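Input: a single structure, listed below in C-alpha cells.
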C-alpha cells in the first residue's frame, strides 16, 4: 500500500478547533490525513507531546493557537511560541527536519484559512516523506 | 542473619560516584560494619571479573552501577551484575540517564576516533593508527580492547530496579539512599530514590519561598557575564538555571553559590524527557520570544546529562 502521511494537529479548543469546525460547516475540504487533538490552549502543548507524536509514528505535527491578544487565558499563546521556537532549535540540532513541525495562529472565524493551512501542510509532508523515526529520510 | 552483600561497579564514569560514597566519612564506617562488600571494582576492593562471574546468581543483595555503558566490557559486566544482584541500582546520573558523557552520541565513533587520534593539532600519528579491538603482537600475543559503542544508560542494557541521580549524588542523599536500602524502605521498583522535590523548592533564592511574585527573565546571560545578585533567582536574572525540572536532593548546592543548576540530579517525578521539559520550563520563564534565539547551543544546555535518555536524540543527523 502506498504511504499516506499521518499528521497530528494539536488544536486550541477556543480558536483552531473552532476554525476546523467552521471549515466543516462551510464545506471547505481538507486532506483526510490530519488527526486533530483538542487541547485547552496552545500553551498546554509540551515539547514532550511533539516528541511522543514522532515516537508513535506521526509524519508531521501542526499546532494551532489563537492570534496574539486573543488567548482565552491571556498569555498561553505567547508561552506556546517561546516553547515552540526553542523546541524547534533543539530538535533541528538533534537531526529532526524543522519543516515537520509548524505552529500557526488560526482563529475560530478562519475556517477557510484552516482548510488552506491543512492542505499546504499535507503537501509539504508528502514532499518530505515518511517519519524519519520509522525509517524515512 | 548474615550481612547484606554489596557490589559496586564503575563503568563509563569518572569515579565521582565512588567519591560520593567515600564522602559519607564517619557514616561509611557504620555502614561498612553492617555491609559485606562482595565486589567493588576498580576503586576500592581488589576483586577480579572472574571472581564476580564465579559467584552464584542472586548471591549479592544490592548492586550499585555507576557510569554509563560505553563499550562491550561495560555491557558484559552490567549483564553479569544483573544476574548476581537481587537489586540493581543505577547510581548517579550517568547510569540513570547517560550523563555528561552521553553527549558523545552527537557524534559517531568514527568521528570521535578521528578527532582524538588523527585530527588534533598536538597528535603525531602519521600512520593513522586507531585503537583496535584485537591486535596480535609479535605474531603470537593477542591483545584485546573492549569495543566502543554509542553511550547508553544502564536500563537500555539490563532492567534496573532503582535510580539515583546526581553528578555525583550528594553524600547526604547517598546516606539517605543507603539507609533506605538497608531498612528496606524503598519506593516501588523502577522509580528514582529521591525526595521528589525540585531544586527550586529547596533553593533560598526562589522568590515564591520569599513571598515575592515571580518575574520573567528580561535577558539571557552566560555564566561569565556579570555577577549575579546573590538574593535573586538566577533565572529571573537571565542565567539559565534548570532547577525547576531537576531533583533537589542535592539541597540546591550550585544555585546557593550563584551557579545555575545544570540538571545533574535527573528529572523530577513525572518527567520522561528531561531536556524537553527543561525547554518547556525555561521558555515559559523568558520575557519574549526573541530571547530564545539568544540561548547558545540548546542541546548541550538542556541535554547536558540526559542525551541518551532522549527519544529525539536516538536519531541524529550525522
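Nothing in this text is a laboratory measurement; each read-out follows from the coordinates by a stated rule. Nothing here was measured: the structure is a model prediction, and the numbers come from that model. Glycine also receives a Cβ, built like all others from the backbone with ideal geometry; neighbour counts cover every protein chain displayed.
Across peptide B:288-300, the mean count of Cβ atoms from other chains lying within 10 Å of each residue's own Cβ comes to 4.
Using alpha carbons only, what's the Rg to Rh ratio of chain B with Rh from Kirkwood?
Working: Rg = 21.6 Å, Rh = 21.3 Å.
That ratio equals 1.01.
For chain B, the longest principal axis of the alpha carbon atoms and the long axis of helix B:274-285 meet at an angle near 10°. Of the residues B:162, B:121, B:216, the one that moves most in a GNM of chain B with alpha-carbon contacts below 10 Å is B:121. Take each peptide in A:2-13, B:85-96, B:107-118, count the other Cβ atoms within 10 Å of every residue, and average; sorted highest first, the result is B:85-96, A:2-13, B:107-118.
What value, in deg cm²/dmol to 500, does the helix sum -39500 (n - 2.57) over DSSP H runs of n ≥ 4 give at 222 nm once divided by the residues of chain A?
Numbers: 4 runs with 55 residues, N = 137.
Calculated at 222 nm, the ellipticity per residue is -13000 deg cm²/dmol.
Peptide A:76-83 shows a mean partner chain C-beta count of 5 within 10 Å per residue C-beta. Descending by average beta-carbon neighbour count within 10 Å, the peptides B:34-40, B:192-198, B:294-300 line up as B:192-198, B:34-40, B:294-300, the highest first.
Go ahead and run the numbers for FRET between residue B:49 and residue B:256, Cβ-Cβ distance against an R0 of 45 Å, rounding to 0.05. List each step's numbers first, then the result.
Numbers: r = 41 Å, r/R0 = 0.92.
Using R0 = 45 Å, I get an efficiency of 0.65.
Descending by average beta-carbon neighbour count within 10 Å, the peptides B:220-233, B:129-142, B:256-269 line up as B:256-269, B:220-233, B:129-142, the highest first. To the nearest ten degrees, helix B:72-84 and the longest principal axis of the Cα atoms of chain B are 80 degrees apart. When you restrict to C-alpha pairs under 8 Å that are six or more residues apart and normalise by the size of chain B, the relative contact order lands at 18 percent. Within 10 Å of the Cβ of each residue in A:94-104, the mean number of Cβ atoms contributed by other protein chains is 3.
What FRET efficiency do you get for residue B:125 and residue B:22 if R0 is 30 Å and r is their Cβ-Cβ distance, rounded to the nearest 0.05? Let's see the in-between values first.
Details: r = 38 Å, r/R0 = 1.25.
Using R0 = 30 Å, I get an efficiency of 0.20.
Taking chain B as a Gaussian network of alpha-carbon nodes connected by springs under 10 Å, the highest mean-square fluctuation of the residues B:101, B:212, B:176 belongs to B:212. For chain B, the longest principal axis of the C-alpha atoms and the axis of helix B:171-183 are separated by about 60°. Applying 1/(1 + (r/R0)^6) with R0 = 41 Å to the Cβ-Cβ distance of residue A:13 and residue B:116 gives a FRET efficiency near 0.20. Between residue A:73 and residue B:189, the modelled labels are 3.8 nm apart [label points 7 Å from Cα along Cα→Cβ].
When chain B is treated as a GNM with alpha-carbon contacts under 10 Å, the residue of B:180, B:278, B:78 showing the greatest mean-square fluctuation is B:180. The antiparallel fraction among DSSP beta bridges confined to the protein assembly as shown stands at about 20%. Averaging the sequence gap over all C-alpha pairs within less than 8 Å and six or more residues apart, then dividing by the number of residues, gives the range B:108-148 a relative contact order of 27 percent.
Computed from the Cα positions only, the extents of the protein assembly as shown along the three principal axes stand at 77, 62, 49 Å, in decreasing order.
Taking the Cα of residue B:76, stepping 7 Å toward and past its beta carbon, and measuring to each backbone N in the range B:143-187: which are under 11 Å? Under 11 Å, as judged by backbone N against the label point of residue B:76, lie B:144-147 of the range B:143-187. Counting only DSSP beta bridges with both residues in chain B, the antiparallel share comes to about 30 percent.
What does the helix-only formula give at 222 nm for chain B: each DSSP H stretch with n ≥ 4 adding -39500 (n - 2.57), the total divided by the residues, and the result rounded to the nearest 500 deg cm²/dmol? Can you show the working numbers first?
Working: 10 runs with 80 residues, N = 318.
Counting only the DSSP helices, I get -6500 deg cm²/dmol.
Can you give the relative contact order of the range B:195-318 as a percent, counting alpha carbon pairs under 8 Å and 6+ residues apart?
Details: 193 pairs, mean separation 33.2, N = 124.
Taking the mean separation of contacting Cα pairs over the length of the range B:195-318, I get 27 percent.
As a proxy for reagent exposure, B:303, A:17, B:49, A:28 were ordered by neighbouring Cβ count within 10 angstrom, fewest first; the result is B:49, A:28, A:17, B:303.
Can you tell me how much longer the chain between residue B:33 and residue B:293 gets when fully stretched, taken as 0.36 nm per residue apart minus their C-alpha distance, in nm with one decimal? Please report the intermediate quantities before stating the final value.
Values: separation 260, 0.36 × 260 = 93.60 nm, distance 5.50 nm.
Taking 0.36 nm per residue and subtracting the Cα distance, the gain is 88.1 nm.
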